[in-house]
Each structure stands twice: as structure tokens, then as C-alpha cells.
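Each reported figure results from applying straightforward, stated rules to the coordinates on display, with no laboratory input. Computed from a predicted structure; not experimentally measured. All Cβ positions, glycine included, derive from the backbone under ideal geometry; neighbour counts span all protein chains shown.
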Amino acid sequence: MKQTLSYADNWFFGQTRPEAIGLLRAMCGFYATVNLLLLSLDFKNFFGEKSFFTQEGMTRWLTYPANKLYPGTSHEITLPFSLPRFTLIPAGSSDAWITFIYVVTIGCAILFMLGWRSRVTGILLAIGLTSLHLRTPVIIHAGDTLLRLFIIYLALGQSSAAYSLDRWIEARKGVAQRLVSIWPQRMIQFQIAICYLMTAWWKWTGSTWVDGTATWYSSQLHEFDRFPAPAFLNNQPFVGITTYGTLLVEVALGTLVFYRPWRKWVLLSGVALHSYIEYSFNIPFFATTIVGGYVAFYYGDEVADWIIRFRKRWLKKGTLSSDAAPEI
Amino acid sequence: MEQPERPKWLRGFLKAFFFVHVFAVVVFTMPQPPPAVSSGILAPRGSDILLKFNEDWLNPGPVRQYMYSFGVWQSWDMFAPNPSNRDVWGDAEIQYADGTVKTWQYPRIKEMGLFQKFAKERYRKYFERANLEQYGYFWPDLCQWIANQNNPDPKNPPQLVRLWRHLKITPPTVTFQEFIKGNRDKSPVNDGPYSNDLLFEYEVDVNRL
């Protein structure tokens, strides 16, 4: 029993090489930068005083009472204090202030991507993103939400210990690479697993996912059109196969992915699912963010070996040398 | 190089935080029970017992305050519980001071090129809600914004905006169970017309132009 507990403790809260969390940080920083740059194309329409969603609309949308537990029920509790949603863009903020927050946030995204003081830049980036998301919550999609959550988890860890400016500076000073806590990486794993399990559960409470017709309906939403899918996929039995296949893959990604011998195959099925969705549906950033997050299911030494193999094959340098690293 | 050991209190705090956070995410993202169970008309059975308990006792308590206050709110109900059967887009009629009327296309993803689709998806996300009557309070701001987008001549400002919704309901297809029983019908051809629904008529606020 004691041995099992010790193993579990080490699995959740032990130490690992930092390459996986470092790669996740660089990737999330890159996605955040691109995402924020795209927002700049329509900045005034989304965030300005003359936006289609004014700050009065925002206030009405975010109406959850900040000083009540179980509001509207027979067991409602009024707290002696308020827990408002934390945002740097409260109602009444000027365009100049929102622009300032945006510029600081994009600066933090670039520094986070490069790995400069990633705890500070990560926390500031998370606060900036949260504030922008709360300013106009009606334009926020699942890709935005996932990215915000990943950045919060990465900011809690030591994500600039690899593939970063911080590490480059340390290496020049002769400082040996250190191990890092694995729990922020585990948090990303659990976040991804919960995302898949809950979406499968939600779907199972509907009728079209049960009767095998759901993908017929989604294929007819033409405002999602990206590239055309073959017409035969819109008839049975293919509608049923893609409907139930989606559910099966989602459940596997929430459960079997933690069983190491099956991990690769489960993640590849997720890549296949998201590749098809990315091909036929215009849902920016979700597939790239969640598939990128699959890196969290690998240990730092495995990621280090990928990079070394890549460098050996394509840049003709480097040797596989990470075998000495302890595995958690 | 291993890290130095953290103080015991900090290790304990981190462990508690980890499990409390994962629990909160599960509770917050769990599905809602069916409406009949939720409203008390039907007694919950099977997994609905857990969903009803979550809806009444776990989700609306400290968990929801935590998720909202610390920026970790989330929901994972994409295409769930059912994908929408409403294929919808919008446009507007703008009437100017001189009496002329112009039709303006709200950003429509289907008509866009690849990069535009990627960059402009948020307009679809917004209209997915804005086209519903329950979000009618969006419409004055939306119409005022449309007026601002279509105000090239200050001497002839927009005076009236009519917001239109164009909707097509997807017909049902053969279920997988019917197919197994031998029904080989193809899915219906879904190329019928879109409806023309006037959502809102708005008198433009000239002070906000």
C-alpha cells in the first residue's frame, strides 16, 4: 500500500526533464501570438466603444452574482464579501486602456513563446487573455478557452527550463539543465482528458449522437464550411460510423490515453479525428491547440529524443543522449 | 540536476490545489440533466441522479465562484447535446436620410476565402447567439454597429436599420438503427430556400455614429 501511494505521489508530483513542458510553452506562446494578431484585424469591432457588443452588453452577459452561493435556489447563501470575475477591463474602460492591455498581452505572448521569465510573462499573459475574453465573451470559442487554460497551467510550472531564452542564458553560464515538477504537465493531461470525456457525456445526453445521425446535422451547417467532404459521408452507414467513431475516440482520449502501451494509438486516433474536422470545418485554433497539447502525455526525455532525432535526420547533427535521464 | 525539496507545507498545498482544481473542473463541465429531471417533473434515474445532484448542490456553490473568479471557466459542449439543425446567416437593410435603402451582408463565412474564414470566424460565433430571440438585447448594439459600418457620407447618415435572419432547418435523415433494419434511403437533398425573418427594426442613434 505504502509503495502504491509512493508511486502515485511520484507520478503526480515527481520531477521530470523539462523538454515537454518547454515545447508546450513555446507552442502555446506561438498560438497566443497569432491569435492576438488576428484579433487586431477587427479590434474596434470586437473591443472598441463602437463594438457590436458594448460594455453594457458585457455587464448584462456577466450577471452571475458575485456574493452568492447557490443563487436562486432554496439553499441560497449570501456571502459577506464578493468574488468578482477578475478582469483588467471593467465596465467603463476607455478604448485607450483596452488597447494598452492588448499591447501588453501580445508582448507577454511573444516573451512567453521565447521563454523569457515565463512565470511572470505567463501570469501576465493569462490575466490579459482573461480580461480580453471577459470584455467580449460572445466571440470566444473553444480554442481560445483551451489556450487560456493551458497558459495558466504552464505559468504555474517552470516552463522556461527548456527551449527558452532563460535556458540559453543559463547554458552560457554553464548551469546544468534541471529537472522540473511534473504536476503542471499532469494538469494539462487531465484538462484534455476531462474535455474529451465531458464532451462525449454531453453528446450522449442528446438524441442524434445516440441514433447515429449527428454528423449529418453538423455537415449541413454551411457557416462552418471549409473544404468539401465526399458526398457519400452524408449517407448511412457512414453517418453512423462517423457519429459513433467520434464518441469512441473521445472516450478513449479521456481514459485509455493514460495507459502507456496504448497512448500512441489513442493519440493518433485523436489526430485523425481532428485532422478530418480541421479539413471540413472552419473552427480555428481548437484542433491545433488540443493536438499540440498531446505533447503533455509524453515525458521530457521522450520529447528530447524527438528533437534530437529530428536534428539528426534533417540537420545532420546531435546524438541520442537522453537515456541517462530518470523517468518518472 | 534535481530541484531542492520544497517545504512540507508547500507540497501539501500544491497537492490539495491539484485535486481540488481537477474536481472543480469536472463539476463545472458536467452535463445538465434532461429538462424534465431538472425541473422536477421526472425523478432522476441512473446517471441523471449524479447530474441532478451536481446541478443542485455542487456546481452552483463555491466551485462556480472559483471557476469564474480565477479565469478557469470553461464548457465542453461542442455539437452537444445535439449539433444544431439551424443553418443561419444574416444581413441588414439600411435606410439613409435621403430615403435610399441599401442591403448589407453581415460577414458570412460560407462566402469567404480560406484566410478570411480563419480570421473572421468570430463573427459567426457571435451571430450564432445574436440570431436567437433570447439574445434580443444584443440587437440594438448590433444595429448601431451596422449603421456605423455603413456611414460613408456624414451628410446622408443611416436612419433606420432592419436586421434580417435567413434560416434553414436541416431535415432528419435515416438513423443508424433504421439502416441496420434494412432502410437504404439516402439522406434528403437539403437545398431548400432560407427563410427571411425580420429580427429587429432600429432607429439609429445619430449621437453614436
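Annotations
- Seen from every direction in turn and averaged, the convex hull around the alpha carbons of region B:120-209 projects onto 8.7 nm².
- Whole-Å distance, taken between Cα centres, linking region B:43-95 and region A:119-161: 21 Å
- Surrounding net charge for A:Phe46, when Lys and Arg each add one and Asp and Glu each subtract one, Cβ distance under 14 Å: +1
- The peptide list A:36-42, A:309-315, put in order of mean Cβ contacts within 10 Å with the highest first, becomes A:36-42, A:309-315.
- All C-alpha pair distances within the protein assembly as shown, sorted into 10 Å bins from zero, spread as 3, 15, 25, 27, 18, 9, 3, 0, 0 percent across the bins.
- Estimated from helical segments only, the mean residue ellipticity of chain A at 222 nm is -19000 deg cm²/dmol, where each DSSP H run of four or more residues counts as -39500 (n - 2.57).
- By definition, a body whose alpha carbon gyration tensor gives a ≥ b ≥ c is oblate when a/c is 1.5 or more and a/b is not larger than b/c, and region B:93-157 fits this oblate description.
- Rounded to the nearest 10 degrees, the angle from helix B:8-29 to the longest Cα principal axis of chain B is 50 degrees.
- Overall Cα dimensions of region B:1-160, principal axis frame, Å, largest first: 75, 56, 29
- Note on region A:125-262: percent of Cα-Cα distances in each 10 Å bin, starting at 0 and stopping at the bin with the largest distance, equals 10, 24, 29, 22, 11, 4, 0.
- Cα-centred dipole magnitude for region A:7-50, charges only on beta-carbon of K, R (+1) and D, E (-1), debye, nearest 20: 120 debye
- Within 10 Å of each Cβ in B:62-69, the average number of Cβ atoms from other chains: 5
- Averaging over all projection directions, the Cα-based convex hull of region A:225-297 occupies 5.1 nm² in the image plane.
- Reported value for region B:10-61: 72 Å³ per residue, from the convex hull of its C-alpha atoms.
- Averaged over the residues of B:44-52, the number of partner chain Cβ atoms lying within 10 Å of the residue Cβ comes to 1.
- Per-residue average of Cβ from other chains inside 10 Å of B:135-142: 4
- When you count the other C-beta atoms within 10 angstrom of each residue and take the mean per peptide, B:64-72, A:267-275 line up highest first as B:64-72, A:267-275.
- Across region B:196-209, computed HN-Hα scalar couplings (Karplus, 6.51 cos²θ - 1.76 cosθ + 1.60, θ = phi - 60°) run 10, 10, 6, 7, 6, 10, 10, 8, 5, 7, 5, 6, 9, 7 Hz from first to last residue, x flagging Gly and Pro.
- Take the convex hull of the alpha carbons in region A:1-146; its mean projected area over all directions comes to 13.2 nm².
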